[in-house]
């Protein structure tokens, strides 16, 4: 554990931009976990007497058309968006890595079936496919997670399959098999851990895509339902007031959304270096 911690510090010291990304990540996680205790106002309390007020000392991000505090809603929305992203990415990574590893290691009919499934899913525009799935199943949070996970599964299948197929005949794998390990144990304990570096990059990128996908579905009315606080809904509601000059309704939720995708993209390379055995000091 001490060596792993020292290695992590060394990796981040090489790339100061990643330190900034980690700080942003911790800030967002903090908002998601304890944000409901930190916000100054009830994010769902309406008060039309103070509707559409610009940013001020009492309302840092202004108020929306129903008089709700925009800052409080932006903070509370972090739990919803990160929850959808983490759940969808975890589900897609679990299924995709399992299927891709089996296809890359055993080949044959399993590889053919899994490969055709991947081709079918990726033949559709992924966001349009997510729209169709949510429209068919209903726009609940669970269905948004399932749809987002499904459109991301092919990426993990392809990465896992290519990495496993390259490593399955390497000497250390053959040595593990000759030592009495079963094929499944060799795959799980010796091959898969060495495929983690590129998967870390994919995990990081997919987290940003999942947030954008959830926000995009909410923006067009197929995501989380109002009055739930969610970045995409807030941007969609604020877009109606841009022409009359209420710019803060779109700016602040959009900026927080952009920064979330930004730090996830930055974290990928550092996470790859942390789990890469060739970079261990």
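Mind jotting down the distance between the C-alpha centroids of the stretch 162-176 and the stretch 41-88, whole Å?
52
What is the Cα centroid distance between the stretch 185-234 and the stretch 239-255, reported in whole angstrom?
26
Specify which labelled value, from (i) 17.6, 57; (ii) 22.0, 76; (iii) 20.1, 73, agrees with Rg and Dmax of the Cα atoms in Å derived from the coordinates of the model shown.
The value computed from this structure is option (ii).
List 272, 161 from most exposed to least, where exposure is judged by having the fewest other Cβ atoms within 10 Å.
272, 161
Could you tell me the relative contact order of the stretch 130-281? Use alpha-carbon pairs under 8 Å, at least six residues apart, and round to a whole percent.
Dividing the mean separation by the residue count of the stretch 130-281 yields 25 percent.
Read-outs: derived from the displayed coordinates by stated rules, not from any lab. Predicted model only: the values in this text are computed from it and were never measured. Using ideal geometry, Cβ is built from the backbone for each residue, glycine included, and neighbour counts are taken over all protein chains shown.
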